[in-house]
Amino acid sequence: MIFAANWKMNGNIKFLNSILAQIKQDIIPYLADNSKIIVCPPSVYLSQAKLICHNTSIEIGAQDCSSQENGAFTGEVSANMLSDVGSEWVILGHSERRQYHSENNDLLHKKMLLAKLAGLKVILCIGETHDQHANNKTKDILAEQLSIICESDLNNLEYIIAYEPIWAIGTGLTPKLEEIDEIHQFIKSFLFEKTRLKSKVQVLYGGSVNPENANQIKSLITVDGVLVGGASLSAEKFKQICM
Ligand code: PEP
């Protein structure tokens, strides 16, 4: 089971030092053998996070990368730079990036290619809006978002999918368990058929995962882990989700 923590634009050095110490001491020794933790802090804290997690099983991820390789792109951080400071993963296509930065498949394709070339593994986030969900459009939307993975130049990219219904992010709402199960099955079958995968892709569920609902969500056979936003900012809550 994969437990990915998306801290978004939260925290500071003091928070980072304290929560990573708690994850190392209170979660890692008790984590099931087949489980792993990926922590995704803001990019300015990646080096420090890597330093603290050196010699532990905690993997470090970034929350985004530039669609450009390098050059005059003020404020951007390249995939190579993320890898250079010790990131093993990068989250791409988070709904907040799609919504606030108009990220679409063309842009994400460029980012994914650069992530691949930099040796980063990708957590590709996909999900539908409330209206799309209500109008039974979820699978169409997800198929469209997943279609970039089928691009031939992304062969050999190491990736996992995070299914994050937009209406569930930060709202306290979650789909019914049967819905999560059905959608995860759909994602796995879609990618198995459309790509040259030898085994089914791992799919995380994300959106209002908390200590109260985590066990039920984790019990679904199609759920390979969870991507946790708000609750990952509390070591205690994150621990309860991971245990
Ligand atoms: C997220 O934004 O990736 C997320 C899962 O957020 P939350 O857990 O706060 O809903």
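Every read-out reported here was derived from the displayed coordinates using simple, explicitly stated rules and does not represent laboratory data. On a predicted model such as this, the values are computed, not experimentally measured, just so you know. Ideal geometry is used to build each Cβ from the backbone, glycine not excepted, and the neighbour counts take in all protein chains shown.
Which of the three applies to segment 42-140, rounded, prolate or oblate, going by the alpha-carbon gyration tensor with a ≥ b ≥ c and a/c under 1.5 meaning rounded?
Working: a/c = 2.38, a/b = 1.61, b/c = 1.48.
Taking the square roots of the gyration eigenvalues as a ≥ b ≥ c, segment 42-140 is prolate.
Using r as the Cβ-Cβ distance of S18 and L197, and R0 as 51 Å, what FRET efficiency do you calculate, to the nearest 0.05?
Numbers: r = 39 Å, r/R0 = 0.77.
With a Förster radius of 51 Å, E is 0.80.
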Next on the checklist: Suppose the chain between Y30 and T74 were pulled fully straight at 0.36 nm per residue; how much longer would it get relative to their current alpha carbon spacing?
Outcome noted: 11.6 nm
Item to check | Ranked packing of 181-194, 123-136, most packed first, by mean Cβ within 10 Å | outcome: 123-136, 181-194
Checklist entry - Under a plain spin-label model, where a point goes 7 Å from the Cα along Cα-to-Cβ, how far apart in nm are S234 and E182? => result 3.2
Item to check | Two-site label geometry, S57 and N210: point separation in nm, points 7 Å out along Cα→Cβ | outcome: 2.9
Checklist entry - Given the convex hull of the Cα atoms of segment 159-225, what is a quarter of its surface area in nm²? => result 4.5
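Kindly flag which residue pairs out of K50/K110; K8/K139; K24/K237; K24/K50; K36/K239; K194/K218 have an alpha-carbon separation exceeding 24 Å in this structure. Can you show the working numbers first?
Details: K50/K110 26 Å; K8/K139 27 Å; K24/K237 15 Å; K24/K50 13 Å; K36/K239 12 Å; K194/K218 26 Å.
Pairs exceeding 24 Å: K50/K110; K8/K139; K194/K218.
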Checklist entry - How many nm is it between the label spots at S189 and L117, if each spot is 7 Å from the Cα in line with the beta carbon? => result 3.7
